[in-house]
Structures are given as C-alpha cells and as structure tokens.
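Structure record follows, encoded as structure tokens.
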Amino acid sequence: MNTGPLAYRYARSLMQLAQERGELEAVREDMLLVAETCANNRDLQLLLNSPVIKADKKGKVLGRIFGGKVGEMTERFINLLLRKGRESALAETAQAFQEAYRRDKGILVAEVSSAIALNDSARAEVKRMAEQRHPGKSILLKETVDPALIGGLVVRIGDEQLDGSISRALADLRRKFSENPYIPEI
C-alpha cells in the first residue's frame, strides 16, 4: 500500500516514541487492531472521514470501540489525531506504522497468489525461495487464492514479481501465436 506523507510522518513519530519508552511491540499490536478494525468496518471509515460529525462525537465512538483494548500510548495518539483534525488519517497511519515496523525489523512481505490454497510444503518452499533472493531478511507470507490463475502461483515482493501461473503461460502463447510470420501460399 502506498501511504501518504502525513500518515507516514505520524506513524514514524509514534514508532520512535514507542521505541524510546520500550512499548514498541504493544503499540504495534494496537495499531494492527486499529488497521484491521478500520479496514473491516465501512461505517467507521465513513464516520472518520465525515466533515459533518464533530471531533468529540468521533472521539466517543473511537473510545467505545478501542477503550480497554489498546494501550495508553495508542489511546493518546488517537486523541492527538482527533485534536488536530486528522482522524481521517487514522487507518492509513495504522497501515503506515505496520510498514515502518516491518522495514525497521527487516521483514519483507511476500504476497503469494495461487489458484488453490497452498499446502505446508509449498508454503515452506516459497518462503525458502524468497529468503534466498533476499538474504538477511525475514519473510512474511500473505496468501490469496485466485482461481483465474488456473494453476501455478504469482509471488510479489515489493516491486519484484515472479509469475509462474498457467494463465500467464497461456497469455504468452497467445501473444506468440499472434506474431506468427507464416503466410500460406495460395
């Protein structure tokens, strides 16, 4: 996900503060909860982006949703966004925090798309291959099932993509056949 500069600045500041206070893992868990909650709740997204609803009402709703579920530092951070009128950036900031955390810890996300769900041996092989291509980095697999691939899989790490799907092979064949220079004699 491409994050905007505002969300990245807030996320980076929160991460530095959490590191200074020794609460990085707790804040990471909190921000993961915030990101998932915002992503899975369209009504919450509409509330946060609404210019009509006042910040105090938004604060009450966020307090009910996250009250007791997140730590004090995360709660204060959410209140800071509310005071600054930046509550619409909460979900994006939570995502940016996850990206900054992974970058800081040397964790790469490998997005794996396959026609059927991967079994354990295939999962281990993909992870091993990714670790070979990126030595010294930890690999986190994010799996999706896409029946349109027909077979095989597509692995994306950052802006690098390895496409070993049947649908890609068929598309390549289709392109080659369309370039066929053969002209039959009449």
Scanning segment 108-154 for residues that are of a type outside the set (Lys, Arg), part of a loop (DSSP other than H, G, I, E, B) and surrounded by 12 or more Cβ atoms within 10 Å (Cβ to Cβ) gives Ala115, Ile116, Leu118, His134, Asp146, Ile150, Gly151, Gly152
Listed residues Val61, Val34; which is within 24 Å of the chain's Cα centre (by Cα) and assigned to a helix (DSSP H, G or I)?
-> Val34
For residues that are of a type in the set (D, E, K, R) and at pLDDT below 90, scanning just segment 160-185, find the one that is nearest to the chain's Cα centre (by Cα).
-> Lys176
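The values are calculated or read from the model by the stated rules, or taken from the named source; none is laboratory data. All of these numbers come straight from a predicted model, not from anything done at the bench. Positions of Cβ are generated from backbone atoms using ideal geometry, with glycine treated the same way; all protein chains shown enter the neighbour counts.
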